[in-house]
1. Looking at segment 160-269, send over the antiparallel percent of its DSSP beta bridges, to the nearest 5.
2. If amide H atoms are built 1.01 Å from N in the plane of the peptide, which residues on other chains or at least 5 residues away come under 5 Å of the amide H of residue 231?
3. Between residue 244 and residues 5 or more places away or on another chain, which pairs have amide H atoms under 5 Å apart, with H built 1.01 Å from N, and which residues are they?
4. Counting only residues 5 or more places away or on other chains, whose amide H sits under 5 Å from the amide H of residue 136 once H atoms are built in the peptide plane?
5. Would you please give the FRET efficiency between residue 216 and residue 147, computed as 1/(1 + (r/R0)^6) with r the Cβ-Cβ distance and R0 = 22 Å, to the nearest 0.05?
6. Using each residue's phi in segment 240-248, evaluate 6.51 cos²θ - 1.76 cosθ + 1.60 at θ = phi - 60° and report the 3J(HN,Hα) Karplus result to the nearest Hz, with x for Gly and Pro.
7. Say each of residue 295 and residue 76 gets a label point 7 Å from the Cα, pointing the same way as Cα to Cβ; how far apart are those two points in nm?
8. Going by a ≥ b ≥ c, the root eigenvalues of the Cα gyration tensor, does segment 213-283 fall in the rounded group (a/c under 1.5), the prolate group (a/b larger than b/c) or the oblate group?
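The numbers here are math on the coordinates, done by the rules we state, and not lab data. None of the values given here were measured: they were computed from a predicted structure. FYI the Cβ positions are ideal-geometry reconstructions off the backbone, even for glycines, and counts take in every protein chain you see.
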Amino acid sequence: MERILIFILFLYQMTTSFVNGQIYFPDQVDNFLNTLTPSRINTRISFGNNANCVNDFGERGECHGSHPWLVGVGYLRPNGSIGIVCGGSLITRRHVLTAAHCFERRPSIPLLTHVLLGEHSKSSNTEREEPILLRIAERKSPGYNSISHINDLELLKLERDVEFTDFIKPVCLPFDLRRRNFVDEKMVIIGWGDTFHNALRGNDVPLMAEISGVSKPLCRQAYETEPQVPLDDTQLCAEGGTKDACQGDSGGPLLYQDLEEHNRYFLIGIVSFGIECANPAFPGVYTFIPQFLTWITENVD
């Protein structure tokens with residue numbers, strides 16, 4: 001994922017009115033609704049059990065089932081298939097976390113109404129298990145501010161419970177990691193998004209990239225020309241050089257692998273926004289999940 005700076009959200013090409021540079025959301029579709037797919041990550045690195053997965057572009061992709069909590073969030077096409085616009089993370093049998101900005105209404109973007117679980121390749125039916133398409137029955141947000149991008153979090157309740165399989169499982173929430181700030185910590189992002197800014201094509205299979213947490217003072221300094229972005233404690237900044245989240249990755253997971261906890265992955269952040277992809281001047285900004293654990297617990301029913 002190039003830099004998370006683009007609002008990893010979209011597959012679209014829309015921009016918001018920021019002072020210097022353009023801040024992108026991973027949900028921009030405009031005239032590309034029929035051709036776009038979730039963005040992919042630039043120069044992504046392979047982790048875990050995916051060492052033998054190589055996609056058509058010669059980059060290492062993620063094997064089916066290596067991140068079974070990864071969910072596609074999108075709109076229903078006339079033929080009954082889903083047009084994936086954002087990523088998401090399964091946290092219970094019936095709940096998914098994604099970005100609130102994915103659901104902002106724009107004339108050119110269909111309403112996001114469904115999620116796809118157990119998906120891997122968007123262009124083929126080679127999955128060892130059939131992906132599951134479910135309707136979003138209910139949505140909750142802690143109060144998303146579309147100007148400051150604070151509280152960029154959406155809790156989705158699905159129409160029914162899902163059965164866990166090798167390819168559909170929940171990600172761990174970081175209850176025991178709440179005191180960590182993750183500055184200089186290695187984390188990973190994963191999604192179907194673009195590999196460079198405004199590629200507007202996405203990737204057929206999910207790709208992963210390793211990035212590192214950035215201190216809040218350094219991040220605020222980078223965004224000092226953008227007064228609409230105060231960057232508070234509910235947000236986390238991270239960067240990875242040439243690796244970042246990009247268009248189509250919005251709402252997807254920022255993960256920390258705890259080597260002391262049986263190598264489990266914990267959901268630390270949600271891809272929120274950035275300025276272009278992998279722009280060295282601007283770290284990507286993520287919704288910081290440890291700050292929302294109480295709210296999530298109270299609203300999962």
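1. 90
2. The list, which skips near neighbours in sequence, is empty: none.
3. 2, 3, 42
4. Counting only residues 5 or more places away or on other chains, the set is 114, 115.
5. 0.65
6. Result, rounded to whole Hz: x, x, 7, 10, 6, 6, 8, 4, x.
7. 2.9
8. prolate
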